[in-house]
Structures are given as structure tokens and as C-alpha cells.
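Right, one structure below, let's go through it.
The numbers here are math on the coordinates, done by the rules we state, and not lab data. The model shown is predicted, which means the values in this text are computed figures rather than measured ones. Using ideal geometry, Cβ is built from the backbone for each residue, glycine included, and neighbour counts are taken over all protein chains shown.
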Amino acid sequence: MKVKEWTGQCQRCFEETNVHTMSMYSTCLICMACKDRESQRDDYQTAVDADNAAIKSGNFNFKGIGEK
């Protein structure tokens, strides 16, 4: 799996920003506004739990639970 390189533009909303993080749902690099919206989703804790479980099992390249 190859993560897209950061270009200074959110890979979800396409706004320019200097700060980013990876989505819990995919390998998209997203701005903090998109991260805030993402964290309000009903299934956000499921995404966090799946990511944590993958890391604990040694999978440091988890693709997320998928965009919806």
C-alpha cells in the first residue's frame, strides 16, 4: 500500500493547509477540519478500535475501515 504524498492540500476537501493527519477511514491525508467532522461520525469509535487492533497485531499499514 502506498500512501499519497502530502502536497499541502487536504485529500478530502482539497483546501490548502499546513497541518494534516491521516483519516481513520482510509489512507487519505486530511486537514484538521475534516478530522473534526470525521470524529463526529457515529462509527468513528469503530474506526479507532479497528486501527488500534491492527497496530496491536503488527499491521502498521492499516487501510482504515473504508469511506462511506
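Please determine, by comparing only the residues of segment 2-27 that are polar (S, T, N, Q) and assigned to a loop (DSSP other than H, G, I, E, B), which one is surrounded by the fewest Cβ atoms within 10 Å (Cβ to Cβ).
For segment 2-27, the residue satisfying everything is 18.
Quickly run through segment 3-18 and pick out the residues that are touching a His at 6+ places or on another chain (Cβ under 8 Å) and free of Cβ contacts under 8 Å to residues at least 24 places away in the same chain.
Residue satisfying the conditions is 6 alone.
So which residues in segment 51-60 are without any contact (Cβ under 8 Å) to a residue 24 or more places away in the chain and in a helix (DSSP H, G or I)?
Residues satisfying the conditions are 52, 53, 54, 55, 56.
So which residues in segment 30-47 are touching a helix residue (DSSP H, G or I) at 6+ places or on another chain (Cβ under 9 Å), part of a helix (DSSP H, G or I) and more than 20 Å from residue 19 (Cβ to Cβ)?
47
For segment 23-39, which residues satisfy the criterion of being of a type outside the set (Phe, Trp, Tyr) and touching a residue at least 40 places away in the same chain (Cβ under 8 Å)?
Answer for segment 23-39, where residues must be of a type outside the set (Phe, Trp, Tyr) and touching a residue at least 40 places away in the same chain (Cβ under 8 Å): 23, 24, 26.
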